[in-house]
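Data first, discussion second: the structure below is written as structure tokens.
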Amino acid sequence: MKTLTPTRTMTCLLLAVLASLASQSSFGTLLTIVNPSFENPVLNNGGYTSDIPGWQQVGGAGVFWPDSGLFTGSVPDGNQIGYINNASIWQILTSTLQPNTIYTLSFNVGWRIDDPLPPIYAANLLAGGTTLASVVTPVTPQQGYWATVTATYTTGGTVIPGYLEIQLANQGIDQFDFDNVSLNAKVSPVPEASTMLAGALALLPVGLSTLRMLRKRQVA
């Protein structure tokens, strides 16, 4: 078994710190959304509903299992998707807005092969009834395919009270198809992780040099 020298110990500690900082800057927490991929209720191929369990709605919206002729390849997650016809849906979550946090709302939007026009849609992220982030058709997929849409909001030290809410709406004459809705919350590092990483890397040679000098004195 190898014995860790002071130099190796310092190197291991600094590498552990760097790994921890890199991990904190890359990952977040997925907040709970009811029926995010519209697999409830379970339908047969080609089946559809006129409502979406777990979501509230105004107008025509529901769950749909599209057959193979409507999209090229499979849907993004599971077998079923959500659809909106001249309507809007929303869901109030059980999570509240937190300080110093980056929120990323994400979902997939599809353009059916049998629809002559691309979908026109809007998505909003709210807290306590106040809109935090809003997008209107930021991405248009190729016909028959799916694309990913994101909207981001970063909080400061103080936040709006109230529960988070997700809204999706169709703003065109053709159907808006969507799937795999998620909301990620990631702590915003203070200072930024990149600054901390740079500082740790800059200190590494100094620490190693100091340890070498101490070892020489001990030998002498």
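Once label points are set 7 Å from the Cα along Cα→Cβ at both Gln171 and Leu30, what is their separation, rounded to one decimal in nm?
2.8 nm
Where the accessible area of segment 72-168 is counted over protein heavy atoms with a 1.4 Å probe, how much of it, in %, is carbon and sulfur?
On the way: 2150 of 4280 Å².
Carbon plus sulfur share of accessible area: 50 percent.
How far apart, in nanometres, would the label points at Tyr145 and Thr158 be if each is projected 7 angstrom from Cα along the Cα-to-Cβ direction?
4.7 nm
At a probe size of 1.4 Å, how large is the accessible area of Leu97, to the nearest 10 Å²?
Its accessible surface works out to 10 Å², give or take rounding.
With the other protein chains left in place, how much accessible area per residue, in square angstrom, belongs to segment 84-145 at a 1.4 angstrom probe?
Working: 2620 Å² over 62 residues.
That works out to 42 Å² per residue.
Need one number: nm distance between label points at Ser95 and Tyr48, each 7 Å from Cα along Cα→Cβ, rounded to one decimal.
With each label point 7 Å from Cα toward Cβ, the separation is 3.1 nm.
The values are calculated or read from the model by the stated rules, or taken from the named source; none is laboratory data. As the structure is a prediction and not an experimental result, all values here were calculated from the model. So basically every Cβ, Gly included, is an ideal-geometry build from the backbone, and we count neighbours across all protein chains shown. The protein model used for the area step is the full one, side chains on, heavy atoms only, and it has no ligands, DNA or RNA in it. Shrake-Rupley method; radii C 1.70, N 1.55, O 1.52, S 1.80 Å.
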